[in-house]
Amino acid sequence: MDATAQAASVQRLSFVRQPDSWLVRLFDYKPFLVAICMLPTAGLLLVFLTYPLGLGIWLAFTDATIGNPGEFVGLDNFISLWDDPVFWLSVFNTFVYTFVTTIIKFALGLWLALLLNHHIPFKAFIRAIVLLPFIVPTVLSAIAWWWIFSPQFSIVSYVLVDRLGWLDHYINFLGTPWAARWSLIVANVWRGIPFIAITLLAGLQTIPPSLYEAALLDGASGWQRFRRITVPLLMPILSVVLTLSVLFTFTDFQLVYAITRGGPFNSTHLMATLAFQRAIPGSQLGEGAAIAVAMIPFLVAATLVTYFGLGRRKWQQGEAND
Amino acid sequence: MTEFTRRESLTLTAAAIGAALLPSAAMADDDVPTAKVAPMDLKIEKGAELRVLRPAKFVEADEVWWKSNTKKYTDATGIPVKVDFLSWEDIRPQTAVTANTGAGPDIVIGFSSDPQVYAAKLIDITDLANYLGAKYGGWMRLAEIYGQKWGTKEWISIPVGGGNGPTVYRKSWVKEAGYDKIPNDLNDFLTLCQKLKQIGHPAGFSLGHALGDANGYANWLLWTHNAYLVDEKGKIALDSKETIAALKYATELQKHLIDGTLQWNDAGNNQAYIAGKIGLTFNGISIYYALKNSTDPNNQAIAADTLHQTQPFGQSKIAPQSATPMNAMVFKHTKYPNAAKDYLRFMMESEQYGPWLSNCIGYWSQSLKAYAKMKFWDADPNFAPFRTAMDTSFYDGFKGPVTASSSAVTANYTVVDMFASVVTGNATPEEAAKAAAKAAARYYKNA
């Protein structure tokens with residue numbers, strides 16, 4: 001009885017059901033669905049990423065200035081930059097800046113991550129505090145550093161000279177080329193450590209404690225555990241963080257522009273700040289764009305080296321680890 | 001007459017008190033002598049409305065009075081005017097966008113060489129310039145240089161005012177160093193700076209990447225030694241024996257300055273002066289303005305001890321200083337060119353320009369000669385150098401034509417860095433002059 005009633009209702013339902021409309025069929029068609037789902041993202045990328053990048057590259061091959069769209073001049077901008085000592089100085093500065101800060105940031109960041117990975121009181125609170133330099137807008141922290149580096153109002157000089165009496169004159173942090181470069185490196189390291197520490201901490205926490213226990217039972221020393229367990233298992237995330245960090249540092253702009261604007265006599269100009277100075281305040285759009293485009297090969301090379309050199313793991317290509 | 005918000009009227013009062021109650025809105029009629037000139041017959045378009053872009057204020061009164069004058073214009077004519085105040089560094093890119101797209105503000109008040117760069121896109125305002133010139137005793141020299149299309153008598157912009165940076169110093173300390181005023185002779189000036197350092201109140205001039213201050217100091221060093229960036233035809237003339245002499249003098253002078261001037265930005269000397277760390281520098285009225293308007297008795301005391309004087313002349317016959325002009329351009333894309341011209345005329349007439357100028361107490365210097373006669377200039381001896389600031393034939397990129405190239409050299413600190421590398425011993429004067437001449441040529445190659 002029940003079964004027949006059910007059968008009857010099923011029959012009635014299937015009778016009522018209409019054939020799929022073309023719209024339903026269209027949305028059931030997988031390639032169409034994929035395309036339409038990707039459209040907003042693709043549109044955003046095209047408008048806000050591809051177009052500006054393409055325009056930037058095009059400008060690098062023109063003699064455009066602010067107020068004049070310019071004409072195609074081929075490699076003229078690059079040839080002229082080849083003879084420009086200020087450009088090469090900025091390339092040198094960018095390399096020094098990126099290389100030195102990355103090494104220091106990684107050493108200190110890894111150390112901090114290892115410390116934070118221990119069970120310490122107020123763990124969550126301390127981890128939140130560590131992130132602070134990263135949360136503060138760069139321009140704000142740059143202004144704070146600018147005060148710290150001030151030749152007349154520096155808190156560091158004040159403490160060393162007026163409070164402790166260890167020095168007899170205020171420090172000229174940004175007054176000579178190398179002092180200025182090191183000062184900026186310190187500011188960049190301060191700002192960059194939290195990102196590296198917190199990401200590496202996340203990586204550390206994915207390492208199963210059982211591995212350490214087994215190693216401990218086998219009598220491995222602290223250094224051996226670090227060398228044989230922590231480092232290899234951290235390597236994949238290390239390479240990603242390293243790539244990102246190199247990219248961020250190589251293209252840094254705000255910190256340098258807010259603290260020195262490239263001075264004294266261009267000794268702290270990075271390629272990014274020089275590109276801006278030439279293009280916007282100096283109105284030589286073509287030349288500024290050429291400097292920015294000149295960064296691309298370096299960035300691609302740096303990415304390839306760090307990504308494939310350090311972190312080539314099968315799982316990154318979607319396969320299982322050996 | 002005009003309505004102010006509470007905040008605006010408060011600042012206005014503060015500014016007025018600070019400036020020792022200058023003649024403001026209730027200015028005497030005879031304060032600005034005017035010639036009898038037939039009023040301009042501008043046929044203002046029906047339904048006109050205007051958008052104006054101008055640089056942001058550095059002294060409060062600048063914006064307060066600009067806005068109230070604009071409101072007065074709207075009340076009188078019914079033409080709505082929207083004024084946007086933009087930070088100085090954003091003016092150039094915005095002007096470029098306006099010029100390239102042929103849309104946006106009807107009037108852009110930009111800087112220095114901008115009208116020359118966009119000359120083809122600006123309406124000719126010779127009639128307005130001639131009317132104002134005839135009525136107000138003629139234009140100051142610097143106004144003519146920047147307002148007219150280079151090498152012609154065609155006016156493409158109305159220079160509204162100029163900002164310059166004369167010597168600012170502490171009276172008592174300069175006296176202690178043995179001088180009653182700042183000597184014009186460069187050797188005496190060197191001795192003065194030396195003595196100031198000996199008594200613990202050194203002088204300081206920025207040679208860092210400080211757009212206004214460092215370029216001002218570098219130009220002063222050049223012009224006092226008869227050196228200049230380019231010749232009359234725009235050919236680079238920097239690598240000269242005069243430049244070498246200027247570099248040697250700067251090196252000598254640097255020994256007697258406060259430490260750290262190579263890292264000063266445009267606020268560096270303001271802060272050091274207000275904190276009493278330096279006794280002498282080159283700057284606009286902003287230091288004095290801040291001191292005067294401070295309620296701190298210490299700052300009031302420093303203000304009372306502060307004097308301004310035109311920069312030392314050295315070998316120059318006229319004051320070796322220029323002013324950064326703020327010049328108004330009317331773009332061809334405007335639908336209401338006559339309304340735009342009428343608005344500018346209104347803002348430059350004595351009823352509006354007078355109170356604006358006098359309340360800025362020298363932050364802007366007048367571009368029309370008659371305004372030099374205003375009584376407020378006598379109210380405080382500190383205003384004297386600003387009264388004549390635009391009476392000069394020095395400008396960025398002197399002696400060549402005013403072009404985008406001269407602005408590019410300024411923006412790239414080419415001359416500043418030449419001095420900075422020599423005074424720190426990182427280059428010899430000869431090397432630096434050659435390198436800077438080559439660097440400057442990069443920007444003049446298309447000129």
ask   = Restricting the range A:158-176 to residues that are out of contact with any helix residue (DSSP H, G or I) (no Cβ under 9 Å at 6 or more places or on another chain) and of a type outside the set (D, E, K, R), which is farthest from B:G204 (Cα to Cα)?
value = A:L164
inquiry  = Regarding the range B:261-278, can at least one residue be identified that is within 15 Å of B:D213 (Cβ to Cβ), touching a helix residue (DSSP H, G or I) at 6+ places or on another chain (Cβ under 9 Å), charged (D, E, K, R) and open to solvent by 10 Å² or more (accessible area, probe 1.4 Å)?
reply    = yes
note = Selection over the range A:196-223 where residues are more than 32 Å from the chain's Cα centre (by Cα), surrounded by 10 or more Cβ atoms within 10 Å (Cβ to Cβ) and assigned to a helix (DSSP H, G or I) yields a count of 4
Where B:K241 falls short, out of the listed (1) farther than 30 Å from B:I158 by Cα; (2) in contact (Cβ under 8 Å) with a residue 12 or more places away in the chain; (3) out of contact with any strand residue (DSSP E or B) (no Cβ under 9 Å at 6 or more places or on another chain) = (2)
query = List, please: which pairs have Cβ atoms under 8 Å, are six or more places apart or on different chains, and start with a residue in the range A:264-275 that is facing chain B (nearest Cβ under 10 Å) and more than 12 Å from A:V96 (Cα to Cα) and end with one that is open to solvent by 10 Å² or more (accessible area, probe 1.4 Å) and among the β-branched types (V, I, T)?
reply = A:P264/A:T176; A:P264/B:T424; A:F265/B:T424; A:N266/A:V86; A:L274/A:V86
task = Quickly run through the range A:18-44 and pick out the residues that are among the β-branched types (V, I, T) and at pLDDT 90 or above.
result = A:V34, A:I36, A:T41
remark   = Restricted to the range A:69-88 and to residues being at the interface with another protein chain (Cβ under 8 Å from one of its Cβ atoms) and not in a helix (DSSP H, G or I), the residue least open to solvent (accessible area, probe 1.4 Å) is A:D84
ask   = Does B:K399 qualify as being closer than 30 Å to A:S283 by Cβ and in contact (Cβ under 8 Å) with a residue 24 or more places away in the chain?
value = yes
query = So which of B:L247, B:L238, B:L196 is under 25 Å from B:T403 (Cβ atoms) and not assigned by TED's automatic domain parsing to the domain that holds B:I361?
reply = B:L238
request  = May I ask you to verify whether B:T152 is free of Cβ contacts under 8 Å to residues at least 24 places away in the same chain, open to solvent by 10 Å² or more (accessible area, probe 1.4 Å) and either in the same structural domain as B:S367 (by TED's automatic domain parsing) or farther than 23 Å from B:F394 by Cα (or both)?
outcome  = yes
key: Within the range B:279-299, tally of residues that are crowded, with 19+ Cβ neighbours inside 10 Å and assigned to a loop (DSSP other than H, G, I, E, B)   = 5
ask   = Of A:I193, A:I237, A:I185, which residue is part of a helix (DSSP H, G or I), modelled with pLDDT of 90 or more and touching a Ser or Thr at 6+ places or on another chain (Cβ under 8 Å)?
value = A:I185
remark   = Taking the range B:415-447 and keeping only residues that are surrounded by fewer than 19 Cβ atoms within 10 Å (Cβ to Cβ) and either under 21 Å from A:L174 (Cα atoms) or more than 10 Å from chain A (Cβ to nearest Cβ) (or both), one is left with B:T424, B:G425, B:N426, B:T428, B:E430, B:E431, B:K434, B:A441, B:A447
request  = Considering only the range B:28-60, state which residues are assigned to a helix (DSSP H, G or I) and either open to solvent by 10 Å² or more (accessible area, probe 1.4 Å) or at pLDDT 90 or above (or both).
outcome  = B:D29, B:D30, B:E60
Within the range B:242-260, considering residues that are under 26 Å from the mean Cα position of the chain (by Cα) and within 14 Å of chain A (Cβ to nearest Cβ), the one surrounded by the fewest Cβ atoms within 10 Å (Cβ to Cβ) = B:Q254
remark   = A careful count of residues in the range B:196-222 that are farther than 18 Å from B:Q271 by Cα and within 12 Å of chain A (Cβ to nearest Cβ) gives 2
request  = Just name the residue that is surrounded by the fewest Cβ atoms within 10 Å (Cβ to Cβ) out of those in the range A:152-168 that are within 14 Å of chain B (Cβ to nearest Cβ) and among the charged types (D, E, K, R).
outcome  = A:D168
request  = Go over the candidates B:G425, B:G400 one by one and state the one that is assigned to a loop (DSSP other than H, G, I, E, B) and in contact with an Asp or Glu (Cβ under 7 Å, 6 or more places away or on another chain).
outcome  = B:G400
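The values are calculated or read from the model by the stated rules, or taken from the named source; none is laboratory data. Here the structure is a predicted model, which is why all the values come from computation and not from measurement. Here Cβ is always computed from backbone atoms with ideal geometry, including for glycine, and neighbour counts include all displayed protein chains. Calculation scope for accessible area: heavy atoms of the full protein, side chains included, ligands and nucleic acids excluded. Shrake-Rupley method; radii C 1.70, N 1.55, O 1.52, S 1.80 Å.
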